[in-house]
Amino acid sequence: MSNHDDDKAPSLDVFILTFNAGKARINPSILALHLRNAFAQNATDLPELVVISLQEMAPLEHSFIGSYMINPYFQSWVSAVNLAASPPDDTCRNQGPSELGSRNGLEDGSEDRYQDEFQYTYRSQDEIGDAPYTLIATRHIGMTGILLFSRDPSALDNLKSTEVGFGAGELGNKGAVGLRMLFSKEDAKGRKRQTELTFVGAHLAAHEWNLEKRNKNWESIVSGLLFDDPRQFYDGESTHPTPPISANDDESQALLSQSPHKKKLHDITIYKPGSHLFVAGDLNYRISKTSPTPHSVFPRLDPESPNFYGRYLALDQLALEKAAGRTLHGLSEAPITFPPTYKLDYEIEGKSEAGARAHCNDYPHAHDEVFWKWASHRWPGWCDRVLYLDTPSSIAPGMAINTIAYNALPPVRSSDHRAVFLRLSVPVVEPSILVPSPDFCVSNSEDPRVKLPYPIDFESWEHRTRVKKWERVIGWSMLVSHSKQGISIFVTLFFICIGVWWLRSRDKRPPSPQLQHGTIPYRVEVEMTERAPTNYVEHSRHLRRIELAKLARDRQADVSIVVGLSWRLRGHQAHVDYTGGLDTARIHRSLASLGGISWSKALPRFLHTRDDSAGERVGKGRIDAESAGPQSEDWRDALVHAAPVDIQRPDGYRRSGETRDAHGERIRAEYERKLRSFASVLASVDTLALAHLARDLLEQRRARRDADPMPLPRIEDPFFGGGHVFYVIRFPRNGTAGQEERIQWIAKIPAAAGDNAWDQLRCEALRSEAFLLHLLRQEGVPVPEVIDADCRPGNVVGVPWLLMEFVQGRRFEEVWFSREGGDVVCQARREEILRNVARIMLKLGKFEFDTGGALVFDRSHGELVRTATGPLFEKDVKAMVLRWFVDEECEYTPLYCRTGPWERTNDMYTALLDAWPPDTVSERGIDALLRLLLGLVREPGERRPSTERCPSGIGARRKGNMEASRIKRFVLTHPNLSMRHILLAEDGTTIKAIFGWDGARAAPRSIGNEALPRWLVRDFDPFVWRWKPGVDFWRPDHAPPECNRFEDPPWVLRELRGFYASVMGELKRGKRRRERRRVRKKQEGTDAIRVEAVGGEDVDVDITKQSLLTLTLDTAIRDPRCRTAALRRVLEKCSRSFEELDFDLFVDTLGKGFEIDTLVSRSLANNVRELLDKGFVKGAIVW
């Protein structure tokens, strides 16, 4: 043996296994066979250390109670490991275990058979004699545990363990556990070598859409899974033991000059520089952020298949997030060669699914043929993983960790996961050698051994101690409530307490008043007076009688009910009441009137007219309700014709069941209707003058005045928008008529205000749009190039016009709803589109304003004025609806009203509400409900009102929010960012142009550039959202309704909203970092600079998430047709089944001038905050 071999460090054989046990106790014999096969893979000897990381190892109630209930589950694994390490009995059947372990095929569509049960007669652990492995340590937090086995217990020293929880309420239903120890081994020369090992077992957040939560769980592990109490090392300087280093500092000196406290803080984390690190667990990273559909294509096992599971590894979230530096920093993983380990399902030949589940744990006598398959409601994924922190060659040359085997065990019936194991050869290197050198620190400053990715949580140990007490209480409560014996004991004790109370109340009856020798006469009146305050039952009944009387008076209810629960504890009395009232006479009148309804009168009642016989006000005139509008079977479809709405489908789309002739006739009728509506504009346009003008402009741009004259371009037939007429101008190629057309422009002409006239405000709006497009193009926003504009009504063309380039591309809605490439590709395409939208919208944050309203451009230079705004040209939808009621064949040109400017954001929100004061009770109630919900909006930069000014106590905020922020309240905003305003490039993700900037404004930040795109909040406006579930949606081959072709279901929209909010947050954080670096570089060494939040960030407000509410309220304010439906949907999304957040109750109560109950108001405010934070309210009646 050479000297080099003698100096070589010995290696340690480590076997690490992770398994989600599905809350069931394992069968040691079954696992022993699978572990035996795993021990024999690529090795002949048994491993020296065995580490088992468990998730959902026991029911939650057993896990919370503690070691008394959890030890039997640990003992099953002790038996399994030692049985696997011991040779089987000679009397066992001659059936090779390798044959049983090889048939573990899992494929959607063709289910392979696999028999995971067997009849090996393993000896019990007591019959083994000396067990091959000794259990060294166990640790668990909730259902997550870790076990450490060693063949030589004396080789281990200085063992430490820790835990951290990040489940619901930071309980231990999800969490991580850690073990750290020193391992000793002799080298070839007999010298004792030591190395330090750190093992982490973790169970991260489940479900496809919880990607960000899983990353936050990892942050909790890094900052809170500490092997010593961090408070004893706190020196008051920083919570980060390795702070970032300035570019001008000597990096090596900065890292070497850390204080002893900071070095010790780094040493108690999982990233201790001198320790090997291994992480194993159910990390729950998937291959998609959405659930599969019935038509999704699952991975297959056939390597020749285009859907071979190896191709899905490119979509693995763990690999993508790790590469992006958002999780598992610095850790390595061996190549994955096994199929996804989750989520598995099975069927037993000859048994129903219920029968299969009943035989789930019937291992000893099972001879069933098992069909394994993927569960259809979850994407298969590599959830169970084992990773390690490799040793860089620059730290310890030639001492890298070598992988012996990385594979998955065959499935077992008790779990929907497959166990995954990693066997490694770890060099026994001294901790001092593993510590990074100064040169390594300089060249690898982001390595977690040099700089922790997250700061340390100094309260983690103290917080965990408090939470652990509650876990025991919850565990015992669940155990009692989930078992028949516990329920029987609880009911028995309850009745015993009732009986004791009844007997004691009888014994305390006052004696009859009488005189006895040497005693004082008793007075019954005095005794009853003294007992009255303590009789809380009578007091509760008295309060409920008062509540019933108030209920009957305020709500005119002749049937009232109060269900209450009262209790008294340690002298404190509490009551919980649920009240309800019913006006039976009103219901009877409503039912009786159903038989004689006049549908011609229903439409004015739908719009909340004063009464059935009252006339509707239109301007100064009045019309009779009998002739107020057309008789239609579908009021929603009829009201769409009154004013444009955002219908999410391509123009000219052929409806389901519509013939070709009927489709063509409908398109022609719609075009003729628009021709009639814009007839006055069309009559004023001189198309020949427009053609000459366009030719002259093109010659000027090409400097061709002295060349041959260019032929006149062709002016196409006009097409129409909501309030504009458009002409496409096509030029011949190379100036020769008949050649292929190349250059195309488009002329945009606003509709006349009336009597063929354009007022100054309308012309100024067109002028501002031209300047804005030029400004946005300079800032890198993809908008059409402005050729020229003339906003004077009396110009040579005869109308105000704006000439722009004609942009060609793919329609947004066709790409968005395309199923090309399958669900995974479609989801990735959508996410990339949303990223591009967020990047563009964030650029608008550069333009901030002190007031809200229309944009103002300097007349001399055309520069944007940011210190002031002008009156806004607002579309008046209610006036358009009322015009349609008077005459169904009226013009469809928009009607506008002049509003603003505003200094307060709330005034801008409510401007249209103030323009149309409510008349009826229902209108007043809806108006008040809108303003109440607006009071819950926390607008960045706006001074919060005091709680006394908010209705029913809503709006209480932190003291810090009472001061006005330095952030400007208004920001440049697209007026209505919908699908029809975006054009995509041929790749389907790049945004080629954004249209519809007429009406761009300085708007509140909550509906500004950081708000959600309008198509992601459509489910909160049932007036335009046409999606509905299919009747046979549960069938795998069901055909969705035609109305769903261009609509997304609510769960998809919720996931996309969460993704967009996360993308916007990442972009804002990156922009802030760049801005701070730029300011520091410019103002180096000065303390006078203060970097404000970029993009209007408020530490207490997530603008993007809050825009779910503000956009819905803004739509309800601007369009009275959807006001009722939108507000009803908001309350339904915020109302749980046991809460009294009824829309009709709110409208009726507020409309009559009463106040909403304080508890109801508080519930509404809390639920709204939960809706905005999570995207849904848990337990809501509408999901």
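When only residues in segment 377-412 that are in a loop (DSSP other than H, G, I, E, B) and within 33 Å of the chain's Cα centre (by Cα) count, which is nearest to residue 333 (Cα to Cα)? Please lay out each step first, then the result.
Here is the first cut: in segment 377-412, the residues in a loop (DSSP other than H, G, I, E, B) are 377-380, 382-383, 389-401, 409-412.
Subset that is within 33 Å of the chain's Cα centre (by Cα): 377-380, 382-383, 389, 411.
On the way: 377: 28, 378: 24, 379: 22, 380: 19, 382: 12, 383: 13, 389: 9, 411: 22 Å.
Only one residue fits best here, namely 389.
Does at least one position in segment 124-132 carry a residue that is outside any strand (DSSP E or B), at pLDDT below 90 and polar (S, T, N, Q)?
Scanning segment 124-132, I find at least one residue that is outside any strand (DSSP E or B), at pLDDT below 90 and polar (S, T, N, Q), so the answer is yes.
Only residues that are without any contact (Cβ under 8 Å) to a residue 24 or more places away in the chain, assigned to a loop (DSSP other than H, G, I, E, B) and not hydroxyl-bearing (Ser, Thr, Tyr): list them for segment 287-338, please.
Answer for segment 287-338, where residues must be without any contact (Cβ under 8 Å) to a residue 24 or more places away in the chain, assigned to a loop (DSSP other than H, G, I, E, B) and not hydroxyl-bearing (Ser, Thr, Tyr): 303, 304, 306, 307, 324.
Identify, from the list 1113, 1145, the residue that is under 23 Å from the mean Cα position of the chain (by Cα), at pLDDT 80 or above and assigned to a helix (DSSP H, G or I).
When all the criteria are applied, what remains is 1113.
Output yes when any residue across segment 430-449 is in contact (Cβ under 8 Å) with a residue 40 or more places away in the chain, more than 17 Å from residue 270 (Cα to Cα), buried (at least 20 other Cβ atoms within 10 Å of the Cβ) and in contact with an Asp or Glu (Cβ under 9 Å, 6 or more places away or on another chain), and no when none is.
Yes, segment 430-449 contains at least one residue that is in contact (Cβ under 8 Å) with a residue 40 or more places away in the chain, more than 17 Å from residue 270 (Cα to Cα), buried (at least 20 other Cβ atoms within 10 Å of the Cβ) and in contact with an Asp or Glu (Cβ under 9 Å, 6 or more places away or on another chain).
Quick one: would you say residue 473 is of a type in the set (A, V, I, L, M), in contact with a Phe, Trp or Tyr (Cβ under 7 Å, 6 or more places away or on another chain) and modelled with pLDDT under 80?
On the way: of a type in the set (A, V, I, L, M): yes; in contact with a Phe, Trp or Tyr (Cβ under 7 Å, 6 or more places away or on another chain): no; modelled with pLDDT under 80: yes.
In short, no.
Among the numbered criteria (1) under 25 Å from residue 417 (Cα atoms); (2) touching a helix residue (DSSP H, G or I) at 6+ places or on another chain (Cβ under 7 Å), which one does residue 86 miss?
If we test residue 86 against (1) under 25 Å from residue 417 (Cα atoms); (2) touching a helix residue (DSSP H, G or I) at 6+ places or on another chain (Cβ under 7 Å), just (1) comes out false.
What are the residues in segment 133-148 that are of a type outside the set (S, T, N, Q) and under 41 Å from the mean Cα position of the chain (by Cα), if any? Walk me through how you get there before you give the answer.
So in segment 133-148, the residues of a type outside the set (S, T, N, Q) come out as 133, 135-137, 139-143, 145-148.
Hits for segment 133-148 are 137, 139, 140, 141, 142, 143, 145, 146, 147, 148.
Can you name the residue in segment 132-171 that is hydrophobic (A, V, I, L, M, F, W, C) and within 16 Å of residue 182 (Cβ to Cβ) and is also surrounded by the fewest Cβ atoms within 10 Å (Cβ to Cβ) among such residues? So that I can check it myself, show each step before the final result.
Taking segment 132-171 as the starting set, the residues that turn out to be hydrophobic (A, V, I, L, M, F, W, C) are 135-137, 141, 143, 146-149, 155-156, 159, 164, 166, 168, 171.
Subsequent filtering for residues that are within 16 Å of residue 182 (Cβ to Cβ) retains 136-137, 148, 155-156, 159.
Numbers: 136: 18, 137: 17, 148: 22, 155: 20, 156: 18, 159: 12.
So, considering only residues that are hydrophobic (A, V, I, L, M, F, W, C) and within 16 Å of residue 182 (Cβ to Cβ), the one surrounded by the fewest Cβ atoms within 10 Å (Cβ to Cβ) is 159.
Return the residues of segment 901-937 that are among the basic types (Lys, Arg) and in a loop (DSSP other than H, G, I, E, B); say none if nothing qualifies.
Keep residues of segment 901-937 that are among the basic types (Lys, Arg), which gives 904, 924, 931.
Within segment 901-937, 904 is the sole residue that qualifies.
Out of all the residues in segment 1028-1049, is one or more of a type in the set (A, V, I, L, M) and at pLDDT 75 or above? First the steps, then the outcome.
We begin by selecting, within segment 1028-1049, every residue of a type in the set (A, V, I, L, M); these are 1031, 1039.
This time we only want the ones that are at pLDDT 75 or above, so: none.
Taking every residue of segment 1028-1049 in turn, none turns out to be of a type in the set (A, V, I, L, M) and at pLDDT 75 or above.
For (1) under 30 Å from residue 908 (Cβ atoms); (2) in contact (Cβ under 8 Å) with a residue 12 or more places away in the chain; (3) more than 37 Å from the chain's Cα centre (by Cα), each residue gets a yes or a no:
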{"residue": "784", "(1), (2), (3)": "yes, yes, no"}
{"residue": "788", "(1), (2), (3)": "no, yes, yes"}
{"residue": "817", "(1), (2), (3)": "no, yes, no"}
{"residue": "831", "(1), (2), (3)": "no, yes, no"}
{"residue": "839", "(1), (2), (3)": "yes, yes, no"}
{"residue": "851", "(1), (2), (3)": "yes, yes, no"}
{"residue": "865", "(1), (2), (3)": "yes, no, yes"}
{"residue": "878", "(1), (2), (3)": "yes, yes, no"}
{"residue": "885", "(1), (2), (3)": "yes, yes, yes"}
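List the pairs whose first member sits in segment 668-688 and is part of a helix (DSSP H, G or I), whose second member is surrounded by 13 or more Cβ atoms within 10 Å (Cβ to Cβ) and basic (Lys, Arg), and whose Cβ atoms are under 7 Å apart, counting only residues at least 6 apart or on separate chains?
So the pair list comes out empty.
Can you give me the number of residues within segment 967-1026 that are surrounded by 23 or more Cβ atoms within 10 Å (Cβ to Cβ) and polar (S, T, N, Q)?
Result for segment 967-1026: 3.
Give me the residue from segment 478-494 that is surrounded by 10 or more Cβ atoms within 10 Å (Cβ to Cβ) and out of contact with any helix residue (DSSP H, G or I) (no Cβ under 8 Å at 6 or more places or on another chain) and, out of that set, modelled with the lowest pLDDT. Please lay out each step first, then the result.
Start the filter on segment 478-494 by keeping residues that are surrounded by 10 or more Cβ atoms within 10 Å (Cβ to Cβ), which leaves 478-483, 486-494.
Filter once more, keeping what is out of contact with any helix residue (DSSP H, G or I) (no Cβ under 8 Å at 6 or more places or on another chain): 483, 488, 491-494.
Numbers: 483: 65, 488: 72, 491: 76, 492: 78, 493: 77, 494: 77.
Per the criteria, the residue is 483.
Any residue in segment 47-63 that is surrounded by fewer than 23 Cβ atoms within 10 Å (Cβ to Cβ) and either without any contact (Cβ under 8 Å) to a residue 24 or more places away in the chain or hydroxyl-bearing (Ser, Thr, Tyr) (or both)?
no
Among the residues in segment 785-793, are any in a loop (DSSP other than H, G, I, E, B) and under 28 Å from residue 846 (Cβ atoms)? Write out each step before concluding.
Of the residues in segment 785-793, the ones in a loop (DSSP other than H, G, I, E, B) are 785, 791-793.
Filter again for under 28 Å from residue 846 (Cβ atoms), leaving 785, 791.
Yes, there is a match, as at least one residue in segment 785-793 is in a loop (DSSP other than H, G, I, E, B) and under 28 Å from residue 846 (Cβ atoms).
The values are calculated or read from the model by the stated rules, or taken from the named source; none is laboratory data. It should be emphasised that the depicted structure is a prediction, and the values quoted were computed from it without experimental measurement. Every residue, glycine as well, gets a Cβ built from its backbone with ideal geometry; the counts of neighbours run over all protein chains shown.
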